[in-house]
Amino acid sequence: MMNAVITSATINCNSLSPSWTCGDNSPSKLLLGEISAALSRRRTVKVSCGKSSPDDYHSTLKSLNSRGRFPRKSLGQHYMLNSDINDQLASAADVKEGDFVLEIGPGTGSLTNVLINLGATVLAIEKDPHMVDLVSERFAGSDKFKVLQEDFVKCHIRSHMLSILETRRLSHPDSALAKVVSNLPFNISTDVVKLLLPMGDIFSKVVLLLQDEAALRLVEPALRTSEYRPINILINFYSEPEYNFRVPRENFFPQPKVDAAVVTFKLKHPRDYPDVSSTKNFFSLVNSAFNGKRKMLRKSLQHISSSPDIEKALGVAGLPATVSNLSHVLYEVLGSSSLHENLSSF
């Protein structure tokens, strides 16, 4: 997700690129109207925070203007209007001197700037080639920044990170695991969570800015509710999640239709994962158990084991043979992995 602060000092027709001229019927007139509205909203937002980040937002917007850039809805791009949120993201991850941080979607680099100023080395993954050029130019003089032009959900992030961490450990044998700090485009948040959380051997913390409703579904739902899904089991299997704070939609430009929230996932090391005979088989069972509304579990799992064995395993797990996929008691059993253990014993 891109980040920038737009101030009244930057809204000057003479400073805009030719593609953003100020004619009565030009797109830029609408743009300036949106910026003015965003500024008005921004003044009313109160967020408790610490010291503001010393970010040069004037030059950031000037760079965007020089390229005629505007947020792309298809990429989920929004500018952050409140620089203090970036400070809070870095604080939630406890970023400090010597850390290695992965950032997904650096945009204009305002969060990147905070991370580098704290002494971290940053690897950024950016899909938009225009933003790659922008941040490459902005941090050209820094040896603590590298950006890769890739689609994060399709790139081989494990290979990238293992190569980087192995090189770092040659010169810093005691270097810690890496961290992830990112303002994510909302449309890829679930994919990113699924990709990152099983990497407890690479990352210690994953701090993300997500859509608020999604954050609540991922982190807060209690067991035995209809909101519980396979993704919740995956999250609790691989991490200890925490909902940090809500970020009102007024903090973004253009303003999204929903609020955002910052969530921290403290990743478990692989040695601390729940004791199951096969992680792959466990999640296969979980996904099968949630497929088919109202379908009896013994039918959903027939491809895993025979009906008598499934019924016996259900009995050992304390479930009736007729339990359905949507039974509330099933969520707790799956979350504790006891059904998988019982099935594996037959």
Practice prompt. Just need a number here: residues in the stretch 259-298 that are at pLDDT 85 or above and among the basic types (Lys, Arg).
Written response: 4
Practice prompt. For the stretch 309-317, state whether one or more residues are modelled with pLDDT of 75 or more, under 23 Å from Tyr273 (Cα atoms), over 34 Å from the mean Cα position of the chain (by Cα) and surrounded by fewer than 18 Cβ atoms within 10 Å (Cβ to Cβ).
Written response: yes
Discussion item. Quick check on Val219: is it surrounded by 16 or more Cβ atoms within 10 Å (Cβ to Cβ) and in contact (Cβ under 8 Å) with a residue 60 or more places away in the chain?
Written reply: no
Practice prompt. Identify all residues within the stretch 175-188 that are surrounded by 21 or more Cβ atoms within 10 Å (Cβ to Cβ) and touching a strand residue (DSSP E or B) at 6+ places or on another chain (Cβ under 6 Å); write none if there are none.
Written response: Ala178, Lys179, Val180, Val181, Ser182, Asn183, Leu184
Worksheet entry | Per-region count, the stretch 285-310, residues touching a residue at least 12 places away in the same chain (Cβ under 8 Å) and out of contact with any strand residue (DSSP E or B) (no Cβ under 8 Å at 6 or more places or on another chain) | 17
Discussion item. Being in contact with a Lys or Arg (Cβ under 6 Å, 6 or more places away or on another chain) and not polar (S, T, N, Q): is that true of Glu250 here?
Written reply: yes
Discussion item. On the basis of being farther than 19 Å from Pro270 by Cα, among the β-branched types (Val, Ile, Thr), out of contact with any Phe, Trp or Tyr (no Cβ under 7 Å at 6 or more places or on another chain) and assigned to a loop (DSSP other than H, G, I, E, B), does Val147 make the cut?
Written reply: no
Discussion item. Among the residues that make up the stretch 261-268, is at least one of them assigned by TED's automatic domain parsing to the domain that holds Ser189 and either in a loop (DSSP other than H, G, I, E, B) or basic (Lys, Arg) (or both)?
Written reply: yes
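Matching residues to (1) buried (at least 16 other Cβ atoms within 10 Å of the Cβ); (2) under 18 Å from the mean Cα position of the chain (by Cα); (3) of a type in the set (Ser, Thr, Tyr):
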{"site": "Asn236", "(1), (2), (3)": "yes, yes, no"}
{"site": "Glu240", "(1), (2), (3)": "no, yes, no"}
{"site": "Tyr243", "(1), (2), (3)": "yes, yes, yes"}
{"site": "Glu250", "(1), (2), (3)": "yes, no, no"}
{"site": "Ala260", "(1), (2), (3)": "yes, yes, no"}
{"site": "Val263", "(1), (2), (3)": "yes, yes, no"}
{"site": "Pro274", "(1), (2), (3)": "yes, no, no"}
{"site": "Asn281", "(1), (2), (3)": "no, no, no"}
{"site": "Ser284", "(1), (2), (3)": "no, no, yes"}
Item to complete: Report the residue count in the stretch 118-169 for those that are polar (S, T, N, Q), over 21 Å from the mean Cα position of the chain (by Cα) and surrounded by 15 or more Cβ atoms within 10 Å (Cβ to Cβ).
Response: 1
Worksheet item: Does Glu332 satisfy the criteria of being farther than 20 Å from Leu195 by Cα, among the acidic types (Asp, Glu) and more than 30 Å from the chain's Cα centre (by Cα)?
Response: no
Discussion item. Exactly one condition in (1) within 27 Å of Ile231 (Cβ to Cβ); (2) among the aliphatic types (A, V, I, L, M); (3) assigned to a helix (DSSP H, G or I) is false for Leu170; which is it?
Written reply: (1)
Discussion item. Here's a check for you: in the stretch 88-134, which residue that is assigned to a helix (DSSP H, G or I) and hydroxyl-bearing (Ser, Thr, Tyr) is modelled with the highest pLDDT?
Written reply: Ser91
Practice prompt. Output the number of the condition that Arg158 fails; it satisfies all remaining conditions of (1) part of a helix (DSSP H, G or I); (2) modelled with pLDDT under 90.
Written response: (2)
Worksheet item: Taking the stretch 189-216 on its own, how many of its residues are under 22 Å from Phe100 (Cβ atoms), within 8 Å of the chain's Cα centre (by Cα) and surrounded by 23 or more Cβ atoms within 10 Å (Cβ to Cβ)?
Response: 5
Worksheet item: Quick check: is even one residue across the stretch 163-178 in the same structural domain as Asn86 (by TED's automatic domain parsing), in contact with an Asp or Glu (Cβ under 9 Å, 6 or more places away or on another chain), in contact (Cβ under 8 Å) with a residue 60 or more places away in the chain and of a type in the set (D, E, K, R)?
Response: no
Fill in: Selection count where residues are farther than 22 Å from Val193 by Cβ and within 35 Å of the chain's Cα centre (by Cα), scope the stretch 286-308
10
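Conditions (1) modelled with pLDDT of 90 or more; (2) among the polar types (S, T, N, Q), marked per residue:
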residue	(1), (2)
Asp174	no, no
Pro185	no, no
Thr190	yes, yes
Val193	yes, no
Gly200	yes, no
Val207	yes, no
Gln211	yes, yes
Glu220	no, no
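The values are calculated or read from the model by the stated rules, or taken from the named source; none is laboratory data. Every value quoted in this text rests on a predicted model; they were computed, and no experiment measured them. Ideal geometry is used to build each Cβ from the backbone, glycine not excepted, and the neighbour counts take in all protein chains shown.
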